[in-house]
Structures are given as C-alpha cells and as structure tokens.
Amino acid sequence: MTEHKIGTREEYEAARAELLQREKELTRASDELARARRELPWVPVEQDYLFETDGGAKTLADLFDGRSQLLVYHFMFGPDWSAGCPVCSSIATRSIPRSPI
C-alpha cells in the first residue's frame with residue numbers, strides 16, 4: 001500500500017480550498033479555449049464531390065438536404081487496423097443519429 005499524507009480537518013479544508021481555486025482557473029481557461037474555437041473561421045467546401053448512393057449519384061449538398069454546415073470527425077487508423085479507433089469513432093456511432101441516405 002502506498003503511503004499517503006494524514007492531516008487534520010483544517011489542513012484538508014485549506015488544501016481543498018486551494019485546489020478549488022486551481023479548478024476554477026482551469027474551468028475559466030477551458031471556457032476561453034472553447035470560445036476561441038467557436039470563433040475559428042469557417043471554410044467553404046468548394047470542390048464538387050459526387051457520391052454514389054442507393055438513389056443514384058448525389059452531391060454533398062444533396063446528401064445533407066441543402067444544409068449549409070457540415071460537422072467533420074476525423075477517425076484514426078493504426079497500420080494494421082481494419083476499422084477506426086473505437087474511442088475516436090465512438091461519437092459518430094453512438095451520438096449522431098443515422099440518416100436515411
């Protein structure tokens with residue numbers, strides 16, 4: 001078993017108060033980073049992509065029913081993998097509803 005510092009209730013409360021301040025600083029920094037990420041410039045898709053679907057060839061705009069924004073997830077593949085990283089792809093397979101495309 002590892003040795004762990006044993007202290008008084010007052011020592012714990014003082015250390016916890018200091019940690020809480022650091023946690024709040026981290027939260028504020030994370031919020032600022034998220035705000036800066038939201039303000040990144042958008043990039044238009046200018047290439048004409050064509051996709052083969054059950055309903056025939058469709059453009060990117062056709063696939064997304066004319067929606068003006070597209071969210072892209074990048075999946076990572078190891079050299080010997082036949083599928084994407086389970087962690088990287090979990091958001092797409094579990095959180096995004098399947099489209100009837």
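Surrounded by 10 or more Cβ atoms within 10 Å (Cβ to Cβ), part of a loop (DSSP other than H, G, I, E, B) and out of contact with any strand residue (DSSP E or B) (no Cβ under 6 Å at 6 or more places or on another chain), is that true of Met76? Spelling it out, Met76 is indeed surrounded by 10 or more Cβ atoms within 10 Å (Cβ to Cβ), part of a loop (DSSP other than H, G, I, E, B) and out of contact with any strand residue (DSSP E or B) (no Cβ under 6 Å at 6 or more places or on another chain).
Only residues that are open to solvent by 100 Å² or more (accessible area, probe 1.4 Å) and not hydrophobic (A, V, I, L, M, F, W, C) were counted in the stretch 14-26, giving 3.
Against the conditions (1) outside any helix (DSSP H, G or I); (2) surrounded by 10 or more Cβ atoms within 10 Å (Cβ to Cβ), Gln47 satisfies every one except (2). Remark: pairs (first residue in the stretch 69-87, closer than 17 Å to Trp42 by Cα; second residue modelled with pLDDT of 75 or more and part of a loop (DSSP other than H, G, I, E, B); Cβ separation under 9 Å; 6+ apart in sequence or on different chains) = Gln69/Trp42; Leu70/Val45; Leu70/Phe64. If the condition is being over 15 Å from the mean Cα position of the chain (by Cα) and open to solvent by 100 Å² or more (accessible area, probe 1.4 Å), then the stretch 30-39 contributes only Glu39. Do you know which of the residues in the stretch 50-71 that are small (Gly, Ala, Ser) and assigned to a strand (DSSP E or B) is most open to solvent (accessible area, probe 1.4 Å)? Looking at residues that are small (Gly, Ala, Ser) and assigned to a strand (DSSP E or B), I get Ala57.
The values are calculated or read from the model by the stated rules, or taken from the named source; none is laboratory data. The structure displayed is predicted, hence computed values, not measured ones. Here the Cβ is made from the backbone with ideal geometry for all residues, glycine too, and neighbour counts use every protein chain on show. Ligands, DNA and RNA are excluded from the accessible area calculation, which covers all protein heavy atoms including side chains. Shrake-Rupley method; radii C 1.70, N 1.55, O 1.52, S 1.80 Å.
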